[in-house]
2 protein chains.
Amino acid sequence: MTMEKKIIRFHLQLLLIVFCMLTFNSGNKALAQNKTQYIRIANLVIDTTQLETYKAALKEHAEAAISKEPGVLTLYAVYDKDRPSHVTVFEIYASKEAYNSHIQSPHFLKYKDTVKDMVKSLVLLDVIPIALETKKHN
Amino acid sequence: MTMEKKIIRFHLQLLLIVFCMLTFNSGNKALAQNKTQYIRIANLVIDTTQLETYKAALKEHAEAAISKEPGVLTLYAVYDKDRPSHVTVFEIYASKEAYNSHIQSPHFLKYKDTVKDMVKSLVLLDVIPIALETKKHN
């Protein structure tokens, strides 16, 4: 095989890799909206005097869960602008099993222990998706 | 320039394109959590007799907004499993300006007109992020 042919062959392989990367990306987006997902909204009221400590603990926990657990897909935690002690977490898990595994993880148990005296009320809602639309790399 | 050199040059250009694509992808994730974002939670109660029609209209609207408007980043619309007429939408816009532009878009105006007799109550909450953690391709 000539040098030229070798380069062309390598070139075609590279194009194939790019094509596969693009296909993989679109595949993942579709996967995100499959029917095994378990979605929940947590509504919490936090002790006002411990709000900053609570928010730091929740942020640390969310970062750990998303980076360490393949089945924890989204944790969007926010507080009301007009009532900062009211916190909402929008949670998407790959499945009910992924959620069950999540609540036994070391970072979740650490979070629960840290915040046990900060949370004045907690309401958990199981929800069903109507539309889960997001920009691909949001 | 020989044929071989031309191929090598083209090859290097292709590698540069792949590198740029990868850089662009990681950049977008960081961008998603910047401070100009405008985030809102909409809590709605829908007329039970028109629930299916409402859900179809909301789904169509969310798909249009995400695909047509660069500043509409996330629209996660769900209903309570135990109270199906209670709908929640978690909304992330790139900025307040993106939101202002969104509510003047043809698909939003069409949605509002379609559902005007279906929505029994609507509460809008401005919220501030604590953590917006998501898998990259969720």
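One table, with the values for the structure above:
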item: Closest approach to the axis - chain B beta-carbon, rotation onto A, Å; result: B:Phe90, 2
item: Sequence of B:Lys35, A:Lys96 from largest to smallest accessible area, 1.4 Å probe; result: B:Lys35, A:Lys96
item: Position B:Lys35, label points 7 Å along Cα→Cβ, spacing to each other copy in nm (shortest first, one decimal); result: 4.6
item: Chain pair B, A: total accessible area buried, heavy atoms, 1.4 Å probe, Å²; result: 5100 Å²
item: Teacher prompt: B:Asp117 distances to equivalent labels in other copies, 7 Å Cα→Cβ, nm; result: 5.7
item: Entries of A:Lys112/B:Lys81; A:Lys68/A:Lys135; A:Lys112/B:Lys135; A:Lys110/B:Lys96; A:Lys96/A:Lys136 with Cα pairs more than 27 Å apart; result: A:Lys110/B:Lys96
item: Nearest-first distances (nm) between copies at B:Thr53, label 7 Å from Cα via Cβ; result: 5.3
item: Pair B:Lys116, A:Glu60: separation of 7 Å Cα→Cβ label points (nm); result: 5.2 nm
item: Accessible area expressed per residue, region A:33-111, with surrounding protein chains retained (probe 1.4 Å, Å²); result: 47 Å²
item: Contact order relative to length of region B:69-121, as percent, for alpha carbon pairs under 8 angstrom and 6 or more apart; result: 31 percent
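The values are calculated or read from the model by the stated rules, or taken from the named source; none is laboratory data. Quantities reported herein were computed from a predicted structural model and do not represent experimental measurements. Here the Cβ is made from the backbone with ideal geometry for all residues, glycine too, and neighbour counts use every protein chain on show. Just so you know, the surface numbers come from the protein's heavy atoms only, side chains and all, with ligands and any DNA or RNA stripped out. Shrake-Rupley method; radii C 1.70, N 1.55, O 1.52, S 1.80 Å.
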